[in-house]
Amino acid sequence: MPLPIAVLVSGGGSNMTAIADRIEEGSLDASIAVVIADHARAAALDKAAERGLPSRVVDFASFAAREDFDRALLDAIGESGAQTVVLAGFMRLLGPGLLGAFPQRILNIHPALLPSFPGLRGQRQAAEYGARIAGCTVHFVDEGVDTGPVIIQAALAVAPGERHDTLAERILRLEHRVYPQAIQWLAAGRLTVRGRHVFLRDDHRAVDPPIDCDFIASPPLEAGF
Ligand code: GRF
C-alpha cells in the first residue's frame, strides 16, 4: 500500500510538485494525503489544486498562541491519515507534539550541505561565503533548526563568480531528484536511524534513476546487507 504523506509548504511548491510527479510516474510508492500551508497565499496551494491534491491552510497568523498552531497542525495531519510528514519549504519550526507523534517519520530538505549554512537561504549563504561546493541535504527532523540525522546529500561545484540565484536554481533541480528518492527509501521501510546515523537496508545504495551532479552520497548499508 502506498505510504500516505502530508506535505507541508509555505512557498512555491516545486518540491511538492516533484514528489507528485514521481508518484504519478510510479517511482515513488506514496500518496499525498494532504498538502498543508501555513498561510493562504502560498503558491503551492494553487499547484496542489491544479493537480487535484487535497489541501488545507493552517494559518499561523490566525493563532494567538504558538501551541494552538501546533495543535491545529497536528490535527490537520492526523485527520488526513498521513503516516509521514514531508516538509517541502515549510517555514515554521515544528512543536514537540508533532515531533513526538511522528518519530523518525518527518523529513526535510535543506538547500545546503549541512551542517554548513542552516537556516534561511542556505544557497545564498554558501555563495556569499565563497564556498566552492554547494548542494542539498535530506534529513530527519528533530527539535533543532536543520539538525536532524542526514539521509542523503548531493553536491555540485560552484562556478567561478556564480550568482546565488543561479546556484539556487541548480540546487533546486537536485532537490527535486533526491527528495523523492529519500521518501521512497522511507516508504519501502529501508531507513533505520541509530543516533545521528542513518542506514539503508537491502543490498544497493544506487539512486534510481541516477542523478546528474558532481557528488552524491546515499546512506551506508545496514550491517548484514
Ligand atoms: C527549497 O529550496 C527547499 O530546500 C527549502 O525551501 C525551498 C522550497 O522550494 N527548504 P519549493 O517551495 O519546493 O519550490
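The values are calculated or read from the model by the stated rules, or taken from the named source; none is laboratory data. The shown structure was predicted, so the numbers you read here are calculated from the model rather than taken from an experiment. Cβ sites come from the backbone with ideal geometry, for glycine too, and all protein chains shown count toward neighbours.
Things worth noting here:
- Set Ala187, Ala126, Ala131: member being without any contact (Cβ under 8 Å) to a residue 40 or more places away in the chain and surrounded by 15 or more Cβ atoms within 10 Å (Cβ to Cβ): Ala131
- Here the condition is being under 30 Å from Pro209 (Cβ atoms), hydroxyl-bearing (Ser, Thr, Tyr), out of contact with any Phe, Trp or Tyr (no Cβ under 7 Å at 6 or more places or on another chain) and surrounded by fewer than 16 Cβ atoms within 10 Å (Cβ to Cβ); of Ser27, Ser62, it holds for Ser27 alone.
- For beta carbons closer than 8 Å, sequence separation of 6+ or different chains, a first residue in the stretch 32-43 that is part of a helix (DSSP H, G or I) and a second that is within 12 Å of the ligand (Cβ to nearest atom) and at pLDDT 95 or above, the qualifying pairs are Ala43/Gly11; Ala43/Gly12; Ala43/Gly13.
- Residue check: Gly148 meets all listed conditions (1) out of contact with any Phe, Trp or Tyr (no Cβ under 7 Å at 6 or more places or on another chain); (2) modelled with pLDDT of 95 or more but one, namely (1).
- All positions within the stretch 44-60 that are in a helix (DSSP H, G or I) and out of contact with any Ser or Thr (no Cβ under 8 Å at 6 or more places or on another chain): Asp46, Glu50, Phe60
- Every residue from the stretch 156-188 that is charged (D, E, K, R) and away from the ligand (no atom under 14 Å from the Cβ): Glu162, Arg163
- Scan of the stretch 20-69 for residues that are over 18 Å from Ala182 (Cα atoms) and acidic (Asp, Glu), ordered by number: Asp38, Asp46, Glu50, Asp59, Glu67, Asp68
- All of Ala64, Ala18 fail the test of being in a helix (DSSP H, G or I), out of contact with any strand residue (DSSP E or B) (no Cβ under 9 Å at 6 or more places or on another chain) and of a type in the set (Gly, Ala, Ser), apart from Ala18.
- Here the condition is being of a type in the set (Asp, Glu) and within 17 Å of Asp21 (Cβ to Cβ); of Asp214, Asp208, it holds for Asp208 alone.
- When the stretch 67-98 is limited to residues that are within 16 Å of the ligand (Cβ to nearest atom) and in a loop (DSSP other than H, G, I, E, B), the one that is nearest to Ile32 (Cα to Cα) turns out to be Ala88.
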